[in-house]
Amino acid sequence: MGISRIVLILLFLSLVGPVPSAQAESLRCEGASTAEGDSKLSVLHKCGRPLLSDAYCEPVYYAGTANPVPAPIAGAHVPCQPIEEWLYDRGPGNLMATVRFRAGVVQSIRYGRQPK
């Protein structure tokens with residue numbers, strides 16, 4: 001088995017390997033609830049347009065580690081993971097919600113006084 005084939009296998013495993021996750025959050029909007037696994041279209045339908053949004057490319061990491069795949073290796077096969085974050089202002093007395101999308105579905109929902 002060649003080195004490039006091993007690298008491809010490692011990259012594949014890093015993308016589909018188990019990812020430890022925190023407790024799943026949900027976001028309540030106008031009587032409907034959105035949660036991890038929902039599509040962008042579903043979130044738009046339930047919660048409307050976000051106050052702000054951002055899109056960026058997150059580095060690819062080796063499975064089960066905090067070590068990013070080096071750019072020369074990852075760049076040739078899987079340069080990065082497209083990520084979108086949508087910010088919802090839930091009104092007075094409520095924390096803001098940041099909905100994070102990966103591969104077009106909700107990956108996580110975070111609450112805070114301001115975006116991180």
Expected field for C57, accessible surface area in Å² at 1.4 Å probe radius, rounded to 10, holds 80
Once amide hydrogens are built 1.01 Å from N within the peptide plane, the residues lying 5 or more places from E36 or on another chain with amide H under 5 Å from its amide H are E25
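The values are calculated or read from the model by the stated rules, or taken from the named source; none is laboratory data. A quick note: this is a predicted structure, and the numbers were derived from the prediction, not measured. The area values use the complete protein model at the heavy-atom level, side chains included, leaving out ligands, DNA and RNA. Shrake-Rupley method; radii C 1.70, N 1.55, O 1.52, S 1.80 Å.
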